[in-house]
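Laboratory data are not the source of any read-out in this text; all were calculated from the coordinates shown. Keep in mind that what you see is a predicted model, and the values were worked out from it rather than measured. Cβ coordinates were reconstructed from backbone atoms using ideal geometry, including for glycine residues, and neighbour counts include every protein chain displayed.
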Amino acid sequence: MALWDRLKSELDRAGRAAQGALDEGRIQLEAFRAKQRMDKAAQALGYAYYRARAANTDLDADSYARLSGEMAAAEAEHTKLEDDLRLARAQRGGSVENPPAPDAPVNPS
């Protein structure tokens, strides 16, 4: 019976490790999507500002409030998810440091 108990405990441990990796991957994907939303909101704000300046007008307050609010919300979500990702990595015993972003260029050695 000791062999079966040992096998069961090893399978449980492997299952927990796999679940932790899946959870970490899910958080990383959500953080990436939040960063994309933040970038799109910043781009929309930049375009709106550019169009207003090109027309020799100011960006109206409602548009600025809406676009900057979208950007701030996405940035807050991204920051929270990055913190969650660091915590998940620390719990799994992985690196707590920030890894390079998935879209970051890799420096050749």
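When 1/r is averaged over all different Cα pairs and the result inverted, which Kirkwood radius in Å belongs to segment 1-56? The partial results should precede the final answer.
Details: mean 1/r = 0.0658 Å⁻¹.
Roughly 15.2 Å, rounded to one decimal.
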Each label sits 7 Å from Cα toward the beta-carbon; between residue 63 and residue 6 the label points are separated, in nm, by 7.1
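Suppose every Lys and Arg Cβ carries +1 and every Asp and Glu Cβ carries -1, with no other charges. What dipole size does the chain come out with about its Cα centre, to the nearest 20 debye?
Computed charge dipole of the chain: roughly 280 debye.
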If one compares the long axis through the Cα atoms of helix 2-54 with the longest principal axis of the Cα atoms of the chain, the angle in degrees, nearest 10, works out at 10
The computed P(r) of the chain puts the percent of Cα pairs beyond 16 Å at 71
Expected unfolding gain across residue 56-residue 17 under the 0.36 nm per residue rule, minus the alpha-carbon gap, is 8.2 nm
